[in-house]
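A single structure is presented below for examination.
The values are calculated or read from the model by the stated rules, or taken from the named source; none is laboratory data. Just so we're clear, the structure is a prediction, and the values are computed from it rather than from any experiment. Cβ sites come from the backbone with ideal geometry, for glycine too, and all protein chains shown count toward neighbours.
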Amino acid sequence: MRCPVLIVNPAERPRLEEIRNNLHDRVTEAEREGWLGEPEGLHVSLTTAEEKIAQLDARRKRHETSVFPRIPPNRPDR
């Protein structure tokens, strides 16, 4: 998941959300238990999961937006 070129299939969004939620719980547990270093690594993975979800949202939004290219008007030569 940390791979920056990994493109997540939109069908995998529920699984990605599950991973994000689990990471959040693990960060909370690591901080509560005082596990040194562990929360930092988990935060990196959590941030990456959130970025992948944001990428999915942005891609979906781009596909939902209609694009109408502007055609310049014909102008007579002067």
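Among (1) assigned to a helix (DSSP H, G or I); (2) β-branched (Val, Ile, Thr); (3) without any contact (Cβ under 8 Å) to a residue 24 or more places away in the chain, which single condition is ILE71 missing?
Result: ILE71 fails condition (1) only.
Could you list, in sequence order, all residues of region 6-44 that are under 12 Å from the mean Cα position of the chain (by Cα) and not charged (D, E, K, R)?
Matches in region 6-44: LEU6, ILE7, VAL8, ASN9, PRO10, LEU16.
Under 8 Å between Cβ atoms, which residue pairs at least 6 apart in sequence (or on different chains) link something in region 28-55 that is among the basic types (Lys, Arg) with a partner that is surrounded by 12 or more Cβ atoms within 10 Å (Cβ to Cβ) and assigned to a helix (DSSP H, G or I)?
LYS52/LEU16
Name, by its number, the condition in (1) modelled with pLDDT under 90; (2) under 16 Å from the mean Cα position of the chain (by Cα) that does not hold for GLN55.
Among (1) modelled with pLDDT under 90; (2) under 16 Å from the mean Cα position of the chain (by Cα), the lone unmet condition for GLN55 is (1).
Considering each residue of region 1-47, count those that are over 19 Å from ARG60 (Cβ atoms) and assigned to a helix (DSSP H, G or I), and give that number.
Matching residues across region 1-47 total 23.
Looking at ASN9, is it modelled with pLDDT under 90, surrounded by fewer than 16 Cβ atoms within 10 Å (Cβ to Cβ) and among the polar types (S, T, N, Q)?
yes
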